[in-house]
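Notes follow the structure.
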Amino acid sequence: MKVLNLYAGIGGNRKLWENVEVTAVEYDENIAKTYSKFFPNDTIIVTDAHQYLLDHYKEFDFIWASPPCPTHSAISINFANAKGERMRVPKYPDMKLYQEIIFLDNFFKGLWVVENVKPYYTPLIQAKEVGRHLFWSNFKIMNFQQEKADKVLRGTQKEKEKIKGFDLSTEKGYRKDQVINNCVNPEIGLYILNCALNKRTEIENRPNTFFNL
């Protein structure tokens with residue numbers, strides 16, 4: 001199964017995947033180097049994931065996209081209302097998130113999922129809520145309970161790394177706190193992939209149906 005992992009970060013969603021051929025796309029070269037240390041057998045490409053999806057979507061069976069979340073997160077409201085040095089000027093929500101959902105839903109023939117945080121506004125397209133994340137997909141995602149998903153927000157950097165299974169102590173060139181906070185819990189990543197694989201099996205086994213990935 002050929003998987004495209006867009007906005008890959010250090011690979012939290014990918015950590016527990018097995019028996020898949022993964023191409024990971026990450027814009028930050030230093031973060032991409034860390035990803036390659038954890039997953040040396042993956043193909044890692046340093047480029048703009050949004051454009052890469054448009055150019056290469058036909059080459060894959062399953063696509064996972066985690067577009068940047070800061071302009072959608074409730075934290076942006078907190079910063080806008082803060083005082084002094086913590087205050088940030090509000091920004092438009094980055095609509096690449098919805099561009100990718102609409103594009104995949106209409107043009108991609110395989111299985112796909114787009115992940116982001118719960119936004120400060122009502123989502124423009126209905127999604128499945130899992131922990132503090134929203135998932136849009138063309139397969140059914142069942143209910144999933146994960147206590148660690150809530151604990152990770154309150155822990156120290158070392159505790160967060162331990163919960164998600166990554167040691168970033170020797171890594172340099174980026175904000176490790178931001179990277180680990182953006183990292184999807186590996187157990188959720190595995191659960192979502194398994195939901196996709198169950199859908200694939202269901203379609204393949206359906207009588208008089210040809211499913212070509």
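Remarks
- Sorted on the mean count of surrounding Cβ atoms within 10 Å across their residues, most packed first, peptides 50-57, 4-11, 107-114 read 4-11, 107-114, 50-57.
- Residues whose placed amide H lies under 5 Å from that of Val117, excluding near-sequence neighbours: Leu134
- For segment 1-64, a simple Cβ point-charge model (Lys and Arg +1, Asp and Glu -1, everything else neutral) yields a dipole of about 200 debye relative to the Cα centre.
Rule-based calculations on the coordinates, nothing more; no lab input. Given the structure is predicted, the values throughout are model-derived calculations rather than measurements. When we count neighbours, we look across all protein chains shown, and the Cβ atoms used for this are built from the backbone with ideal geometry, even at glycine.
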